[in-house]
């Protein structure tokens, strides 16, 4: 015997449709995160800051990554964005001179680092300064990744011409600024949502 609700649905059919709906929303959410990664790659390729310092693309990359991380309830949101960015680096339309494995690997390490920092800093991740520091540290992972690749498989990394210290500190600086911008946009979005309710 099947017990029906007032709307004529059995609890079983209602719960299965709810699961399907949740799964569909989850897939759409993941797709949006991956698309955000592709957008980050497009910005990197097409938008050139008038700066000649290593890591300056952290301004837009960390802004987007931190915003996505804060706006998402998915535990590995930043990594999902980074996967989208890494997967799209080899697309010829962007015109990268040497996309290679190094760019993709750097994106993945930065996304993973941000997720781990965000998870470990649960008590302080609602604070702007903490989010900016998370972004700075995540972005600063790129020079060590390049340094390890340089000393293990070789290659050419212009940012490491004068050693590791200078690009590492400039990545920290740009990562902090970009992450702060992303966190501010997220906070503004939260306030706007509260006012709209």
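The values are calculated or read from the model by the stated rules, or taken from the named source; none is laboratory data. These figures come from a predicted structure and were not determined experimentally. Using ideal geometry, Cβ is built from the backbone for each residue, glycine included, and neighbour counts are taken over all protein chains shown.
The table below gives the values:
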| item | result |
| --- | --- |
| Test: residue 84 is modelled with pLDDT under 75 and more than 18 Å from residue 134 (Cα to Cα) | no |
| Top-ranked residue of region 23-56 - restricted to ones that are surrounded by 10 or more Cβ atoms within 10 Å (Cβ to Cβ) and more than 21 Å from the chain's Cα centre (by Cα), ranked as modelled with the highest pLDDT | 53 |
| Scope region 119-136; condition closer than 16 Å to residue 190 by Cβ and either touching a helix residue (DSSP H, G or I) at 6+ places or on another chain (Cβ under 7 Å) or in a loop (DSSP other than H, G, I, E, B) (or both); matching residues | 125, 126, 127, 128, 131 |
